[in-house]
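So the structure is just underneath, and the comments pick up after that.
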Amino acid sequence: MTRRILIIQGHPHDQGDHFCHALARAYRTGAEAAGHEVDETRIARLDFPVLTDPAEWSAQPAPEGLDAVQGQIRRADHLVIIFPLWLGTMPALVKAFFEQVLRPGFAFDEKARNGRGERLLKGKSARVIITMGMPALVFRVFFGGHGYRYLKRNILQFCGIRPVRASLVGMVAGTSPGRRDKWLKRVGRLAGKGI
């Protein structure tokens, strides 16, 4: 079964060749080789303000330019969200992106905040790929994977996206080329399956 996949590249530094970029390329290559349709959005290339007024979030549409991203999300069957772990969670730019894009009326019915409204992104799944300097096991067990769990439960599942799976890539800075290659191949295999 072919799927429409949207890769959301969340590394805030678009220049250079960070491992997040290599992971996105590996996922795209694997998905396209398997016949999946792939779109990609690089958050660092988007121009949008940080939300400061809750009324603006509730009452106004997403800023110009992000409506195209909303269209990509709407069309996608599966989202792949890639970012480095910063201060235990997603970088601020990634959070600001989700605040702008996942607004009431697009991602969920306004009544969902009271537990009664509809989750408007039902039927979509997601994979979250997080790179980090610490061992992934330490992040998952000692720290409880709180940065991932927050994104999964409070943002993605709240909007109806299920299942949400994680690939946690630890010790990135000290990783050997061979270990990086294993990760790239693993991500390519997941992409081929569209998961």
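Read-outs throughout are calculated quantities, based only on the coordinates presented, and are distinct from any laboratory measurement. Bear in mind that the values here come from a model prediction, so they are computed numbers and not experimental data.
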For the chain, built as a Gaussian network whose Cα springs stay under 10 Å, the top-fluctuating residue of PHE143, PHE108, PHE158: PHE143
Along each principal axis, Cα extent of the range 4-193, largest first, Å: 49, 39, 31
With Cα atoms, 0 to 90° folded angle of helix 177-193 axis to the chain main axis: 50
Most mobile listed residue (MET90, MET132, MET171) in the chain, GNM with C-alpha springs under 10 Å: MET171
Gap separating the Cα centres of the range 45-121 and the range 132-153, nearest whole Å: 22
Aspartates and glutamates with Cα under 17 Å of LYS124, excluding same-chain neighbours fewer than 8 positions away: GLU37, ASP39, GLU40, ASP77, ASP109
